[in-house]
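First the structure, in the form of structure tokens, and then the observations on it.
The values are calculated or read from the model by the stated rules, or taken from the named source; none is laboratory data. Just so you know, these numbers come straight off a predicted model, no measurement behind them. Here the Cβ is made from the backbone with ideal geometry for all residues, glycine too, and neighbour counts use every protein chain on show. These accessible areas exclude ligands, DNA and RNA; they are computed on the full protein's heavy atoms, side chains included. Shrake-Rupley method; radii C 1.70, N 1.55, O 1.52, S 1.80 Å.
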Amino acid sequence: MSSEESYLDVSLRKIAKGAGISFIGTAIGMFFGFITRIIIAKWLGPSDYGLISLGFAAMSIAATLSLFGMGAGIKRYVPFYKGKGDVGRIKGTILASLKISFPLSVIFAFLLFWYADWISVHFFHELDLTPVLRIFSFAIPFLVLSDNFISVTIGFQDMKYVVYVRDIFQNLFKLGAIVILLVLGFGVLGVAWGWSLSIVLMPFLAFYFLEKKVFPILKTKIKAIPVEKELFSFSWPLIFTATAGLVMGWVDTIMLGYFLTAPVVGIYNAALPTARLLKVALGSFGVIFMPVVSELYARNKIEDLKNTYSSVTKWIVSIVLPGFLLMAFFSKSIIRIMFGGEYIEGCVALTILAFGFFVYCVLGPTTSVLQTYGKTKIIMICYFVAASANFALNLLLIPKYGINGAATATAFSFVLMGVLNLLFIYRIGKMQPFRLSHLKSVFASIAAILVIYTLTKYLTVVSLFVLVSMFFVFWGIYFFLLLLFKSFEEEDLMIMRAIDEKLGTKTSWMRKVLRRFL
């Protein structure tokens, strides 16, 4: 094996191992998070569920502004200095991020608590929102701390701790606390407290893993080398990017609350998190993708970087496209079964949002490649263009089309941002991730969904049992068609082998079968 091949093999195996752990953890986390939302939505109804959605949106906005782009800075510089063996600057990066983001988080928490009443009455016209905002404000500093600590473990390309802390612990604790408080009769305030408490506990567990298992900060003789100027220079454009990202992620919910009512927000937030389930694949590969390509870039292995970029994109297409097609063809049944008849109005919005997130996931790794090249200002520009379009379209479409207008604005802006990022990375690095072989997954997905849709359209009622059964039948047909179209390549077998090594699974028999269809 040549040097180039060995570096590509190592890089893909790192991503595969990290993605295998992350995929399982993210799937578990999103499952319990989704179950939590379903329980809240069914127990409280659209109105109170809308209040919780607005409170969570306010907390997320404040935490993102407080981070000041430090999370991306950590994920970029920790693996960069790790590749160079510079532990002093690794420690300096961690401490610098905390010095900047934590004080900001305390300020934003105080502001949200103090002005909660004004925001509730004058902006959302919902007096009952005030205590919800104040409860969520307590969680802001803890959310910022946990994000910093988790970002460090990701920078070291060790994905199991983010799974333990964010995906498993936080979601399980949140689910348990909310259910208990709802049963005890605390209603919407109980949900707010249960959600906030799960966030408050996160940084303590995250710091334990960081200190004991990854990179000691307190119990070490390593002297931190100041990198505040370098980290700030990289990260400050990302605060504008983060601001634009807030518009992309929350302006639809916020504007629905401003123009319409809390029940409408609740219905929309049945469709939105369902569509976001498609991001499991991007989140699984994305968190480990950037540290790996950053290390390749530091070693000047550009050709391996290009091949890794293309391979990861293929995996994302193969996973996300089937999910999008299922949501598009069965949107009404999914909303009715999961959330109830009160939320059925959100089925069209689900289809629109699913399309936007599908395109965003496929083009998502492009942002990490731009960050690896240090082109944060370009990312900022792309975000601002997309966020401006999002804001303008929400302003124009929500008063006229309600939740479908919000979904259209959000989906269009995510597609626009992905396309702009792709155009810039092609101009800068002369690379794009698509190959003709990727079309095989597309054809297999479309053929499989048409078969399933034909089987189910004659049924008078699509129940949960039918939906789950058809889901497994779909994946069986899809896998068979992938074999028939010879969609698998040698790199895919290497990935499966890497996941086996990391997770202890045994797919050697499957690899032997797949090898016959290469």
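Listed by position, the helices (runs of 4 or more DSSP H) enclosed by segment 330-417 that each have at least 2 residues that are among the polar types (S, T, N, Q) and out of contact with any strand residue (DSSP E or B) (no Cβ under 6 Å at 6 or more places or on another chain) are 331-339, 365-372.
The set of residues in segment 372-387 being out of contact with any Ser or Thr (no Cβ under 6 Å at 6 or more places or on another chain) and open to solvent by 20 Å² or more (accessible area, probe 1.4 Å) consists of TYR373, GLY374, LYS375, LYS377, ILE378, ILE381, PHE384, VAL385.
Candidates are the residues of segment 436-483 that are closer than 27 Å to SER311 by Cα and among the hydroxyl-bearing types (Ser, Thr, Tyr); the one that is modelled with the lowest pLDDT is SER437. Of the helices (runs of 4 or more DSSP H) lying entirely inside segment 130-245, those containing at least 2 residues that are closer than 24 Å to GLY45 by Cα and open to solvent by less than 50 Å² (accessible area, probe 1.4 Å) span 171-183, 187-209.
Mind checking which residues of segment 428-440 are closer than 16 Å to THR372 by Cα, over 22 Å from the mean Cα position of the chain (by Cα) and open to solvent by less than 70 Å² (accessible area, probe 1.4 Å)? Once the filter is applied, which keeps residues that are closer than 16 Å to THR372 by Cα, over 22 Å from the mean Cα position of the chain (by Cα) and open to solvent by less than 70 Å² (accessible area, probe 1.4 Å), segment 428-440 yields ILE428, GLY429, MET431. Of the set (1) crowded, with 18+ Cβ neighbours inside 10 Å; (2) in contact with a Lys or Arg (Cβ under 7 Å, 6 or more places away or on another chain), all apply to PHE68 but (2).
Being within 18 Å of PHE358 (Cα to Cα), hydrophobic (A, V, I, L, M, F, W, C) and open to solvent by 80 Å² or more (accessible area, probe 1.4 Å) is the requirement here; does PHE443 meet it? Steps first, please.
Values: within 18 Å of PHE358 (Cα to Cα): yes; hydrophobic (A, V, I, L, M, F, W, C): yes; open to solvent by 80 Å² or more (accessible area, probe 1.4 Å): yes.
When the stated conditions are applied, PHE443 passes them.
For segment 335-354, taking the residues that are touching a residue at least 60 places away in the same chain (Cβ under 8 Å) and surrounded by fewer than 23 Cβ atoms within 10 Å (Cβ to Cβ), the one that is farthest from VAL264 (Cα to Cα) is identified as ILE337. Screening the candidates THR253, THR261 for the property of being among the hydroxyl-bearing types (Ser, Thr, Tyr) and at pLDDT below 90 yields one hit, THR261.
For segment 335-360, a residue qualifies if it is farther than 17 Å from TYR49 by Cα and touching a Leu at 6+ places or on another chain (Cβ under 7 Å), and the qualifying residues are ILE337, LEU353, ALA354, PHE357, PHE358.
Scanning segment 134-150 for any residue that is over 24 Å from the mean Cα position of the chain (by Cα) and either at pLDDT 90 or above or among the hydroxyl-bearing types (Ser, Thr, Tyr) (or both) turns up at least one such residue. When the residues of segment 112-122 are filtered to those that are of a type outside the set (Val, Ile, Thr) and modelled with pLDDT of 90 or more, the one that is most open to solvent (accessible area, probe 1.4 Å) is TRP114. Do the conditions hold for SER294, that is, is it at pLDDT below 85, polar (S, T, N, Q) and at negative phi? Against the criterion (at pLDDT below 85, polar (S, T, N, Q) and at negative phi), SER294 qualifies. Scanning segment 89-110 turns up at least one residue that is crowded, with 17+ Cβ neighbours inside 10 Å and charged (D, E, K, R). Based on this model, can you work out whether ILE425 counts as closer than 27 Å to ILE154 by Cβ, open to solvent by 80 Å² or more (accessible area, probe 1.4 Å) and not small (Gly, Ala, Ser)? No: the conditions fail for ILE425.
Any chance you could count how many residues in segment 247-261 are open to solvent by less than 20 Å² (accessible area, probe 1.4 Å) and out of contact with any Phe, Trp or Tyr (no Cβ under 8 Å at 6 or more places or on another chain)? Walk me through it before giving the result.
Within segment 247-261, the subset open to solvent by less than 20 Å² (accessible area, probe 1.4 Å) is 248-249, 251-253, 255-257.
If we keep only those that are out of contact with any Phe, Trp or Tyr (no Cβ under 8 Å at 6 or more places or on another chain) too, we end up with 249, 255.
Qualifying residue count, segment 247-261: 2.
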